[in-house]
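S.K.: Would you mind keeping the following structure in view while I ask a few things?
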């Protein structure tokens, strides 16, 4: 995998929010066809890092390359256009809009009448619910129901369904199994592996070390805004991985030194 | 309970409250005004006022829908009226109207750019521009009024732009209907409307989905300016003259219309038809006070009372509807 050039290359990334130093000199490579587990404690900078990758935040300094090309402007629209789909943890759904409207927000399918773009409601309703039902949306919920009235799991299923529908080259999942039942969780994890096998880059953020150890090819561990370790899951057992996180990455450094 | 059937309907349609209030007021006004309120001529007058206030309210509703607010519309209305009258005396009224609308668009652009580029709350920005453009209006007219000479108040364009009547109603009413249909289509059935409501619902989420939040807000401010200036044009067309204070305090009525009509000031939830009904209710109250001989200075006081009572009533209704 590492002999091909990385799909996403992050070089010396720094991000400040006022006085808060959220990302400190982070460099990491991600390759197509890889499933990366991004782990670390709360506030470690995982979500901040992926929010740079999906264009929500612009870095204070450092560079991001996508497919060999340096990213000059950071905006979610540009990232989406390049084929980066993200299942965000706390943002991504507008409570006041229906499921169908949320599903297609930003890239609504249209039918043109005299050149004027009108929303293609039939397609929006039919397709959105068909995709989302696979991830646990109840049969009696309609595409016209507002997202506000959905349960936590159903909200998550809307975000996952949307990423699957539009997935292209990269799928970033920020705690994707939150609020999901055991069966739906398995479904999402199978999905992550499937996407990887289809040649996509999958970045999977989680707190569940044992789960990520089973799924991922490689884990990137962050702490206090820094990348503290980056190791293949073949090289570490899940217990060792847990120990690494507890010690802030020192175990891996020791191993590499050996 | 049979009433509980109405709950989902009220939840889905925030504008129902203002329609109930409107219905009650129509009955009360009809019964207590001895035929002076509910007659064809007076209703026509109310609808003319509703048309200009309504156009302004529709624009404000769009801005409120994005989670911002535009309180400069009263001055934009005045600027539109002055631009129209000044030009209509020299060129064809249709050209004058286009110029007036361009003035409105420019004011909207200034508001929108100041809000989106500086990140300053729109309340304070548009409060500033409210005063700036009011000041310019007064300076331009130097205490006198702009007017179109009687001899020039003729022709299709002049009549069509609020200066005449069609089927018994001032032509402004037909413009209102056209604008309402266009805006409803944009809001409900086009990508722009989807994104506008998304921005108001959660700007952060809309941004994460690739929506250009600032552009949507800017478009809403420009549309709002256009509609306010166009409303000013139609009012100027009807009166044939305007002074520097034209449209003063109308911004407050427009905002009241929106809120009474079910637009949430926090954004994301709005009803164009509700905002219009709000404008109709306010115009009706004004007319009722005039025809029953209440002194005009009481208008603003009674208007305020009605706004407070209606807002409270509407809130109670919605809270009831949200209870399981």
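The values are calculated or read from the model by the stated rules, or taken from the named source; none is laboratory data. The shown structure was predicted, so the numbers you read here are calculated from the model rather than taken from an experiment. When we count neighbours, we look across all protein chains shown, and the Cβ atoms used for this are built from the backbone with ideal geometry, even at glycine.
S.K.: Do we find that residue A:96 is outside any loop (DSSP other than H, G, I, E, B), touching a residue at least 12 places away in the same chain (Cβ under 8 Å) and within 30 Å of residue B:185 (Cβ to Cβ) in this structure?
M.R.: Working: outside any loop (DSSP other than H, G, I, E, B): no; touching a residue at least 12 places away in the same chain (Cβ under 8 Å): yes; within 30 Å of residue B:185 (Cβ to Cβ): yes.
So residue A:96 fails the test.
S.K.: Also, I was wondering about something else. Any residue in region B:29-55 that's over 30 Å from residue B:224 (Cβ atoms): show its pairings with residues that are at pLDDT 95 or above at Cβ separation under 7 Å, as long as the two are six or more apart or on different chains.
M.R.: Correct list of pairs: empty, since none qualify.
S.K.: Further, regarding this structure: Do any helices (runs of 4 or more DSSP H) lying entirely in region B:122-239 carry at least 1 residues that are away from chain A (no Cβ under 14 Å) and over 30 Å from residue A:85 (Cβ atoms), and which ones are they?
M.R.: Numbers: elements: B:122-141, B:171-189, B:191-201, B:203-208, B:213-239.
Those helices (runs of 4 or more DSSP H) span B:122-141, B:171-189, B:213-239.
S.K.: Please specify each residue of region B:249-265 satisfying the condition of being under 18 Å from residue B:127 (Cα atoms) and within 14 Å of chain A (Cβ to nearest Cβ).
M.R.: Within region B:249-265, just B:265 meets the criteria.
S.K.: Can you report the number of residues in region B:290-304 which are part of a helix (DSSP H, G or I) and either farther than 23 Å from residue B:314 by Cα or within 14 Å of another protein chain (Cβ to nearest Cβ) (or both)?
M.R.: Qualifying residue count, region B:290-304: 4.
S.K.: So, in region B:240-271, of the ones that are in a loop (DSSP other than H, G, I, E, B) and touching a strand residue (DSSP E or B) at 6+ places or on another chain (Cβ under 9 Å), which residue ends up nearest to residue B:184 (Cα to Cα)?
M.R.: Per the stated criteria, the residue is B:246.
S.K.: Check region B:84-97 and report whether any residue there is crowded, with 16+ Cβ neighbours inside 10 Å and either on the phi > 0 side of the Ramachandran plot or outside any helix (DSSP H, G or I) (or both).
M.R.: So far as region B:84-97 goes, no, none of its residues is crowded, with 16+ Cβ neighbours inside 10 Å and either on the phi > 0 side of the Ramachandran plot or outside any helix (DSSP H, G or I) (or both).
S.K.: Are there strands (runs of 3 or more DSSP E) fully within region A:1-52 with at least 3 residues that are touching a residue at least 60 places away in the same chain (Cβ under 8 Å) and over 20 Å from residue A:174 (Cβ atoms)? List them.
M.R.: Filter on region A:1-52 gives A:20-30.
S.K.: Which one of these is under 20 Å from residue A:181 (Cα atoms), in a helix (DSSP H, G or I) and without any contact (Cβ under 8 Å) to a residue 40 or more places away in the chain: A:130, A:125?
M.R.: Result: A:130 is the single residue among A:130, A:125 that is under 20 Å from residue A:181 (Cα atoms), in a helix (DSSP H, G or I) and without any contact (Cβ under 8 Å) to a residue 40 or more places away in the chain.
S.K.: Moving on to the next point. Take the conditions under 30 Å from residue A:27 (Cβ atoms) and free of Cβ contacts under 8 Å to residues at least 12 places away in the same chain and apply them to residue A:211. Does it pass?
M.R.: no
S.K.: Still on this model: Which one is surrounded by the fewest Cβ atoms within 10 Å (Cβ to Cβ), of the residues in region B:238-247 that are touching a helix residue (DSSP H, G or I) at 6+ places or on another chain (Cβ under 6 Å) and within 21 Å of residue B:54 (Cβ to Cβ)? Don't jump to the end; show me each part of the working.
M.R.: Let us first name the residues in region B:238-247 that are touching a helix residue (DSSP H, G or I) at 6+ places or on another chain (Cβ under 6 Å), namely B:238, B:242-244, B:246-247.
Adding the requirement that they be within 21 Å of residue B:54 (Cβ to Cβ) leaves B:238, B:242, B:246-247.
Values: B:238: 19, B:242: 26, B:246: 26, B:247: 32.
Top of the filtered list is B:238.
S.K.: How many of the residues in region A:74-120 are farther than 20 Å from residue B:269 by Cβ, touching a strand residue (DSSP E or B) at 6+ places or on another chain (Cβ under 7 Å) and more than 7 Å from chain B (Cβ to nearest Cβ)?
M.R.: Matching residues across region A:74-120 total 9.
S.K.: Kindly establish whether residue B:274 is more than 14 Å from chain A (Cβ to nearest Cβ) and more than 25 Å from residue B:205 (Cβ to Cβ).
M.R.: For residue B:274, the condition - more than 14 Å from chain A (Cβ to nearest Cβ) and more than 25 Å from residue B:205 (Cβ to Cβ) - is not met.
S.K.: Consider region A:52-70. How many of its residues are surrounded by fewer than 22 Cβ atoms within 10 Å (Cβ to Cβ) and either closer than 21 Å to residue A:4 by Cα or within 12 Å of the chain's Cα centre (by Cα) (or both)?
M.R.: Count: 8.
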